[in-house]
Amino acid sequence: MAQPRFLTLSDVSEILSISVAQARAMVRSGELPAIQVGGRGQWRVETQKLEEYIQKGYERTEQAVREGSIG
């Protein structure tokens with residue numbers, strides 16, 4: 001089965017192990033790119049954008065560890 005192109009905020013929250021409210025806040029702040037679709041303006045996150053967000057998180061963490069700012 002093919003991976004879906006877009007995810008709901010519920011899907012995103014499950015993948016990241018956060019609440020839907022936290023996922024919505026990340027989208028509204030621009031931290032996680034998303035689009036609104038349909039007449040009710042439901043948020044959708046492209047799978048590739050979520051993967052990029054996760055990868056950037058790993059890169060930020062790696063840099064912080066190297067700099068000794070987290071331990």
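Summed over region 10-39, residues that are on the phi > 0 side of the Ramachandran plot and open to solvent by 80 Å² or more (accessible area, probe 1.4 Å) total 1. For residues that are over 11 Å from residue 43 (Cα atoms) and out of contact with any helix residue (DSSP H, G or I) (no Cβ under 7 Å at 6 or more places or on another chain), scanning just region 1-10, find the one that is modelled with the highest pLDDT. Per the criteria, the residue is 2. Among residues of region 13-36 that are in a loop (DSSP other than H, G, I, E, B), those with a beta-carbon under 9 Å from a residue that is crowded, with 16+ Cβ neighbours inside 10 Å and among the β-branched types (Val, Ile, Thr) at least six positions away or on a different chain give the pairs 18/12; 32/12; 32/45; 33/27; 33/45; 34/12; 34/27; 34/45. In region 41-57, the qualifying residues are those that are among the basic types (Lys, Arg) and within 14 Å of residue 8 (Cα to Cα), and the one that is surrounded by the most Cβ atoms within 10 Å (Cβ to Cβ) is 44.
In the set (1) open to solvent by 80 Å² or more (accessible area, probe 1.4 Å); (2) in contact with a strand residue (DSSP E or B) (Cβ under 9 Å, 6 or more places away or on another chain); (3) basic (Lys, Arg), residue 60 fails one condition alone, (2).
The values are calculated or read from the model by the stated rules, or taken from the named source; none is laboratory data. Note that this is a predicted model, so its numbers are computed, not measured. All Cβ positions, even for glycine, are placed from backbone atoms using ideal geometry, and neighbour counts span all protein chains on display. Remember, those area values only see protein heavy atoms, side chains included, never the ligands or the DNA or RNA. Shrake-Rupley method; radii C 1.70, N 1.55, O 1.52, S 1.80 Å.
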